[in-house]
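The values are calculated or read from the model by the stated rules, or taken from the named source; none is laboratory data. Remember, predicted model here, so these are calculated numbers, not experimental data. Note that each Cβ is placed from the backbone with ideal geometry, even for glycine, and that neighbours are counted across all protein chains shown. The protein model used for the area step is the full one, side chains on, heavy atoms only, and it has no ligands, DNA or RNA in it. Shrake-Rupley method; radii C 1.70, N 1.55, O 1.52, S 1.80 Å.
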Amino acid sequence: MLEARDGLSPAYESLFPPLLTPIMWERPGNVPPLVRLLCAYAAKGKQLVLQKVEMVLGVFQKLLARGATDAQAARLLSALWRACDLAELQTYAKPIFELCIRRASGYKKVGVSLVSTWSVFVARYGAPPLRMQLEAVQPGLAPMVLRGLWAEYAPLVKGSTERKAAIISTVRLVSEVPELLADVETCAALLAAACTMALADAGVVGATGDALAAQEEED
C-alpha cells in the first residue's frame, strides 16, 4: 500500500518507529516483508528515515551478520543509496564500508550481497566515490577488494535488475576510475567478470555456470 502512495500520511509516520524495535526482527519470517516496508519508507519518506537512520543502519548491521539475511541487508542498504544524496549519508559511509569489509573478511560469500549493493552505490553516486570509500577504510584496499571480491562474486549476483546493475557498474569502475584502468591485474579481473556476466545472460553459461555449481556445493 505504501509503495502505491505519493507520500507518508500521519498514520504511516506513527507506524515507522515501532518497525525498528529489535523484537520485530526476531522471527526470520518477518524479515523479508519488513525490509520491503522499510525500503518503501525510504522511497516515500526519506526525511523520516534520515531522522532514524542510525536505527535503520542497526537493522542493516543485524541482517548483514547472518548468511541467511545478508541479501536482505543489501536490499535495505540499496534503498538508502537510491533515496538519499551521498552528502546525507556521508557521516555513516565510512562505518558502513568498514562493517562490510569486516564481514567479508570472516565470511567471503557475503561478497554476492556486497557487490549487489555496491553496484547501486556506483549507479547512484559514480565509480570514483566507491573507490574513495574503500580507500578511506584502508589505503590500497580498493584494488584488493575489487579484484578479490567484486570480480569473483559479481557473476553470482542473481536477479535481472541486480545483474544489469552489476554489469554496468563493473564497466563503469574500469572506465571512470583512472587508478583502476592503470592497474592491469585489477582491470583485467573486472573486465573478465563483466564479460562472464554478459555471456551468461546471453545464454552462454560457461564459467558462470561452473561458478554457480561450485557455490551451491559449498552452501
Next item on the list: Test residue 105 against the stated conditions and say whether it is of a type in the set (Ser, Thr, Tyr) and farther than 22 Å from residue 33 by Cβ.
Entry: yes
Note to self: For the condition over 30 Å from residue 62 (Cα atoms), aliphatic (A, V, I, L, M), open to solvent by 20 Å² or more (accessible area, probe 1.4 Å) and modelled with pLDDT of 95 or more, what is the one hit in 189, 202, 198, 207?
What the structure shows: 189
Next item on the list: Please work out which one of (1) without any contact (Cβ under 8 Å) to a residue 40 or more places away in the chain; (2) in a helix (DSSP H, G or I); (3) open to solvent by 10 Å² or more (accessible area, probe 1.4 Å) is the condition residue 139 fails and give its number.
Entry: (2)
Note to self: Residues to consider are 33, 95; find the one that is over 25 Å from residue 133 (Cβ atoms) and modelled with pLDDT of 95 or more.
What the structure shows: 33
Checklist line | First in the range 111-124 and free of Cβ contacts under 8 Å to residues at least 24 places away in the same chain and part of a helix (DSSP H, G or I), second anywhere and surrounded by fewer than 24 Cβ atoms within 10 Å (Cβ to Cβ) and charged (D, E, K, R), Cβ under 8 Å, 6 or more apart | finding: none
Check: Name the residues in the range 98-134 that are more than 15 Å from residue 164 (Cα to Cα) and aromatic (Phe, Trp, Tyr), would you?
Finding: 107, 125
